[in-house]
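Written out below as C-alpha cells is the structure these notes cover.
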Amino acid sequence: MKISVIGTGYVGLVTGVCLANLGNDVVCVDVDQNKIKKLSEGIPTIYEPGLEELLIKNIKEKRISFTDSFKSIQKANVIFIAVGTPQGENGEADMSAVFSVAKNIGKYINGYKIVINKSTVPVGSGDRVTEIISKNLSKKFNFDVISNPEFLREGSAISDFMHPDRIVIGSDNHAPAKIIKQLYQVLNAPILITDVKSAEIIKYASNAFLATKISFINEIANICEIVGANVADVAKGMGMDNRIGPQFLNAGIGYGGSCFPKDTIALVSTAQKYGYQFKTVQSTIEVNNTQRSKFFQSIKKFYNHKLSHKKFAIWGASFKPNTDDMRDAPSINIIQSLLKEKAIIQIYDPVALDEARKIFADRIQYFENEYEALKDCDALIILTEWNEFRQVNMEKVKKMLTNPVIFDGRNIYDPQYMKEMKFSYISIGRKPVK
C-alpha cells in the first residue's frame, strides 16, 4: 500500500519504518525540517533498539522517505495521524496537533482516503477529526476515519509492532476496516474489529489497568515494609495465579514515561467530563506520585534528615531501560528533591545523559561510566533497572564509594547477597540491610 504517516515522533517513526519493512511504500511527514533532514540521512531522532538498522535498510531500498510537505498525502491510500497528544492544563489530552493535521488532510486530499488515528486520543476524537476534515475539503471527496491505537513499549517497540498481542481496528464502516485488516494480516496477530469509540477507549483502559497493577504492588510493598514481609516473594506468589500473571508486579518507585502518567490523567478527565468519578484510576495516580516521595524520604531518614553536602551517585535517569525517554521519569522528582536539600549529584545512564542535561544543566555532574560516577560518593541510588547494573563488580562499587550504602528503587539486588557483601542496602518492600 501507499501510506503516509504524519508525525515522526516515537509512534510515527516506529510505525513508518515497520510498515516500510513489511513492503509498503511509506512517506513520513513532519513540520520539523531538522528532523526530516536527519531522518532522510538515516539518523534516528529517538533512541530505540533496532530502529536505526531498519531505517537505513528501508531508505536504501527506497521504501521510506521523509518530507515536510502535506501535499505528499495525495499519493497515499492510507494516512496515519501519529502526532503527540500531551497532557493539557486541565488534564485532558491536548488535541491541537491532531486537529491541525486533520485540517491539512482536508485541505490536501484529492480523492478517497482512509485516515487512521494512531495517536492516543480520547473517546469522540474520531467524530471530531471527521468534522474538521469535512469542513476543510477543497471538493467533496469521500474518506473514512478509523481508530487504530498503538501498543508499543519503549525499548521493545520494533518487536511489539512486528509481533503484537493484538491489533485493534475501530471503524463504523466495514469496507475500510477490511482494507486495514489486510494491511496487518501479514503480522499473524489476533485482529479485533470494533466501532471507533470502543477502540479509542481500549488504549486508555489498557494503560490505566497496567498502571493500576503497578500502583497496587507498590502499596503491597509498603505493607510488606511495615510487617517485615518480602514483596518479591509476594509478587511471585501472586503472579503464579494465571488470572493475575507476573507482568507489572515489580515493586519500585512507580511508573513514568509518555503514556501511563498522561493516559491515566486523561481517562480520569474524560470520565469527569461525562459526569463520572473514576475512583480506581484516581487512586492509582495518587499512589504513584506518593511512591516517589516515599523513596526520597527513606534516603532522608537514613541520614537523619541531613542531606546537605552529601554526595550521591545515581544510576539511571530514563523512566525505564532501553530508552532515553525521561518524560515524567521518577528520577526527575527524586533528583530535584535531593538538590533542594543541597545534596551533590553524580549521574550515569547508558543513553539518557543528553536528556538529563536538558533538565538539570550544570546542577548535577554527568559521567560516561557507572563506576566513575561512584567516586567519593556517600551512597549509590539506583533509579532505572538497566541490565548492565545487575551484574556489576560489587567489590569495585564498595571501593569507589566513601561508604558502602545503596538505595535501590528498582529492587535489582538480592538483600542476602548485599548483607554478605557488607553493604547497607535499602530497597522497596523488603527488610533493609544495615
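What follows is calculated from the coordinates using simple rules that are stated; it is not laboratory data. Note that the coordinates shown come from a computational prediction; the quantities given were computed from them, not determined experimentally. Note that we place each Cβ from the backbone using ideal geometry, even for glycine, and neighbour counts take in every protein chain shown.
Quick notes
- Beyond 29 Å in Cα-Cα separation lie the following of the pairs 35/273; 2/57; 279/306; 273/294; 38/140; 62/262: 35/273; 279/306; 273/294; 38/140; 62/262.
- Using a cutoff of 8 angstrom between alpha carbon atoms and counting only pairs six or more residues apart, the relative contact order for segment 2-194 works out to 19 percent.
- With each label modelled as a point 7 angstrom along the Cα→C-beta vector, the residue 342-residue 419 pair spans 3.8 nm.
- Note on the chain: GNM, Cα springs under 10 Å; of 241, 94, 30, the largest mean-square fluctuation is that of 241.
- Fewest-first sequence of 131, 48 by Cβ atoms within 10 Å of each Cβ: 131, 48
- Only DSSP H runs of four or more residues enter the estimate; each adds -39500 (n - 2.57), and after division by the residues of the chain the mean residue ellipticity at 222 nm equals -13000 deg cm²/dmol.
- When only alpha carbons are used to place a centre, segment 1-57 and segment 325-342 end up 32 Å from one another.
- Residues 152, 187 arranged by fewest to most Cβ contacts within 10 Å: 187, 152
- Among 315, 266, 298 the positive-end extreme of the charge dipole of segment 196-434 (Cβ point charges): 298
- Antiparallel bridges, percent of DSSP beta bridges restricted to the chain (to nearest 5): 5 percent
- Nonlocal amide H pairs with residue 66, under 5 Å, H built at 1.01 Å: 28
- For the chain, the residue among 282, 179, 389 whose Cα projects farthest onto the positive side of the dipole built from Cβ charges is 282.
- Considering only 391, 365, 33, the mean-square fluctuation computed in a Gaussian network model of the chain, springs between alpha carbons under 10 angstrom, is largest for 391.
- Other residues within the sphere of radius under 11 Å centred on the Cβ of residue 323, judged by their own Cβ, net out at -3 (K and R +1, D and E -1).
- Loop chymotrypsin sites (Phe, Trp or Tyr not before Pro), segment 226-302, which have at most 11 other Cβ atoms in a 10 Å radius of their Cβ (DSSP): 274, 276
- Most mobile listed residue (90, 207, 250) in the chain, GNM with C-alpha springs under 10 Å: 90
- Taken about its Cα centre, segment 2-194 carries a charge dipole of about 920 debye when Lys and Arg each add +1 at the Cβ and Asp and Glu each add -1 at the Cβ.
- A simple charge model with +1 on the Cβ of Lys and Arg, -1 on the Cβ of Asp and Glu and nothing else charged puts the dipole of the chain at about 360 debye relative to its Cα centre.
- Between the Cα long axis of helix 174-184 and the first principal axis of the chain there is an angle of about 50°, rounded to the nearest 10.
- Net charge of neighbours whose Cβ lies under 13 Å from the Cβ of residue 430, counting Lys and Arg as +1 and Asp and Glu as -1: +1
- Charged neighbours of residue 100, selected by a Cβ distance under 15 Å, balance to -1 (K, R count +1; D, E count -1).
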